[in-house]
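Just below is one structure, and these are the notes that go with it.
The values are calculated or read from the model by the stated rules, or taken from the named source; none is laboratory data. Please read all numbers here as calculations on a predicted model, not as lab measurements. Cβ coordinates were reconstructed from backbone atoms using ideal geometry, including for glycine residues, and neighbour counts include every protein chain displayed. With ligands, DNA and RNA removed, areas are computed over all heavy atoms of the protein, side chains included. Shrake-Rupley method; radii C 1.70, N 1.55, O 1.52, S 1.80 Å.
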Amino acid sequence: MSQPSLPPHHQPSHQPPQPQGVRRPPSRGWRSKPALKLIAGGVLAAALVSGCGSGDDDGGESGGSSKGAQAKTLGKVAMPKVGKEANTMGTWVTDSTFVKGDVNKLVGYSLDGAESKWRIPLGGQLCWASPHMTKDGLTAILFRDGAGEDALCTKVGLVDLKKGKLVWQKEGSDSEGNAGVQFDEVTIGGGTVAAGGTGGGGAWSLDGKPLWKPAYLADCDDNGYAGGDDKIVAIRGCDSEDSSTERLEVQTVDPKTRDVKSSYKLDEKVEYAHVISTAPLVVAVDTGDSDAGTGTTDILTIDDSGKQGKLLSTIDVLAKGYQPNCPATSVEGCTELALDKASSTLYLSSEVDVDHGGPGDRISGLNLKTGKETGKTKMAESRSLIPVQTDDDGSLIAYLGSMYSEAGGVVRVDPKTFAMETLQTHPDDMKDVESDMDTYGECTMIYTGKKLYIGDSRASRPTSDSAARPLAIVFGA
């Protein structure tokens, strides 16, 4: 079976697994950046994920155009009062509702974010929320089995985001009949809800029928799944001979039976694997020396059309200085990247430094079939520039970071010339709020209907520097 050809600088390191939800230190020393969540797989075709920022007025080094349409602050969701940090993961937009994860609940708002329409009490804190949403508005969540600090992440739920309804909630049981299996994350794809983690994996059909349960055969289990579109991809870990590390395998499985359709064993140096996309199959791996905090050392494109997967290309993230943001241990959740499936182009940002000014970012396009660069933007001086999602015409939607004197916005990058056009800028009186969300928050952003939705994935106590930080905010014309 084909193995990824890892560069010689990749030596195994035995860092301990990081607990779910722990963020690595920001990779940029010059300013902290938001962890932007990606809606992948085209399951929400009208929505584009974006981030905070604005273009330069004079076009300058950033290649931006004039300010463009001036957006207004349409609505804000107040930060809930908490004694300690709480997970509020989950941000979605349907054709009629903006839905936000909150403390022990989901809340649906009007599209401008100004009024609440419904709420779904969960009885426990959110542990994970799938970014994927079916055409019918269904998504999957994982939450705790109670409100106490000792409550466990055992409750898997199917949510109808259009109706504001928890369709069902289930608890996993293992192959020996033991109930209350703990999971780390959940996804939806191919008509299946699949949850995985250190306790193994389980799955249910959309009508709540159990499809498979955690099984401990040959010391192997499913660490997690990736969904979207009509596929489910599993990252399966098996104990190695010395039992100190796991040998990871990428498996494309039948969403109804978990029968393995294609399998690819990762290099034994790989400690963690994150699925960027299921179609095409793109996997970010970490050999343990991603000291920049990206959670990634290499990005692999795998052909899973046959029973044995084949490696198509490898992108050396460390050598090129690219800066995707992948969670330390989770299978899904990589951000600060974008994929155009039609052209097989992956967009990644990197930090550059210049003598005549401060550091900044630029975006590069990479062909997934060859791993070679297709072009790059000019540097956004003293700003972060993050790829977010591609539009229907193949152009890139990106986040051009705010400066201390200006609020943020949304830009479009031409896929051929890599020139930038400003789509939307935000009110200057909101620059401090955006800066606080950039610095202290872990934001999910969706751009659809000429509105930018920003939702924080964590609720925390206010500080003297971030007292005005909201849980969510909506900008629009």
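Between T187, T198, the distinction of being open to solvent by 10 Å² or more (accessible area, probe 1.4 Å), closer than 21 Å to G124 by Cβ and of a type in the set (S, T, Y) belongs to T198 only. Among the residues of the range 338-352, is there at least one that is at pLDDT 90 or above, over 22 Å from M445 (Cα atoms) and open to solvent by less than 10 Å² (accessible area, probe 1.4 Å)? No, because not a single residue in the range 338-352 is at pLDDT 90 or above, over 22 Å from M445 (Cα atoms) and open to solvent by less than 10 Å² (accessible area, probe 1.4 Å). Of the strands (runs of 3 or more DSSP E) lying entirely inside the range 416-477, those carrying at least 3 residues that are buried (at least 21 other Cβ atoms within 10 Å of the Cβ) and modelled with pLDDT of 85 or more are 420-425, 451-456, 472-476. Of all residues in the range 121-150, none satisfies the criterion of being surrounded by fewer than 19 Cβ atoms within 10 Å (Cβ to Cβ), touching a Lys or Arg at 6+ places or on another chain (Cβ under 9 Å) and aliphatic (A, V, I, L, M).
Counting only residues that are open to solvent by less than 20 Å² (accessible area, probe 1.4 Å), within 14 Å of M420 (Cβ to Cβ) and outside any loop (DSSP other than H, G, I, E, B), the range 365-380 holds 3 of them. Condition first: within 22 Å of the chain's Cα centre (by Cα), farther than 16 Å from G83 by Cβ and of a type in the set (A, V, I, L, M). Now tell me which residues in the range 447-470 satisfy that. Once the filter is applied, which keeps residues that are within 22 Å of the chain's Cα centre (by Cα), farther than 16 Å from G83 by Cβ and of a type in the set (A, V, I, L, M), the range 447-470 yields L452, I454. Take the residues of the range 276-290 that are in contact with an Asp or Glu (Cβ under 8 Å, 6 or more places away or on another chain) and open to solvent by less than 10 Å² (accessible area, probe 1.4 Å): which is nearest to V186 (Cα to Cα)? Filtering the range 276-290 for residues that are in contact with an Asp or Glu (Cβ under 8 Å, 6 or more places away or on another chain) and open to solvent by less than 10 Å² (accessible area, probe 1.4 Å), the one nearest to V186 (Cα to Cα) comes out as T278.
Is it the case that the range 192-202 has a residue that's outside any strand (DSSP E or B), out of contact with any Pro (no Cβ under 7 Å at 6 or more places or on another chain) and within 20 Å of K100 (Cα to Cα)?
no
In the range 89-117, of all residues being open to solvent by 40 Å² or more (accessible area, probe 1.4 Å) and part of a strand (DSSP E or B), the one that is farthest from K451 (Cα to Cα) corresponds to K105. Residue count for the range 386-400 satisfying the condition of being in a loop (DSSP other than H, G, I, E, B), touching a strand residue (DSSP E or B) at 6+ places or on another chain (Cβ under 7 Å) and within 22 Å of I454 (Cα to Cα): 2. Here is a check on your reading of the model: is V253 in contact with a strand residue (DSSP E or B) (Cβ under 6 Å, 6 or more places away or on another chain), open to solvent by less than 40 Å² (accessible area, probe 1.4 Å) and in contact (Cβ under 8 Å) with a residue 24 or more places away in the chain? Answer is no for this residue. Taking only pairs six or more apart or across chains, which ones have beta-carbon atoms under 8 Å, a first residue in the range 359-375 that is free of Cβ contacts under 8 Å to residues at least 40 places away in the same chain, and a second residue that is outside any strand (DSSP E or B) and among the charged types (D, E, K, R)? Final answer for the pair search is R362/K378.
Residues of the range 291-333 that are open to solvent by 40 Å² or more (accessible area, probe 1.4 Å), of a type outside the set (D, E, K, R) and not in a loop (DSSP other than H, G, I, E, B): Q308, L311, L312, T314, L318, A319, N325.
For R383, the criteria (1) basic (K, R); (2) assigned to a loop (DSSP other than H, G, I, E, B); (3) open to solvent by 30 Å² or more (accessible area, probe 1.4 Å) hold in every case but one, which is (3).
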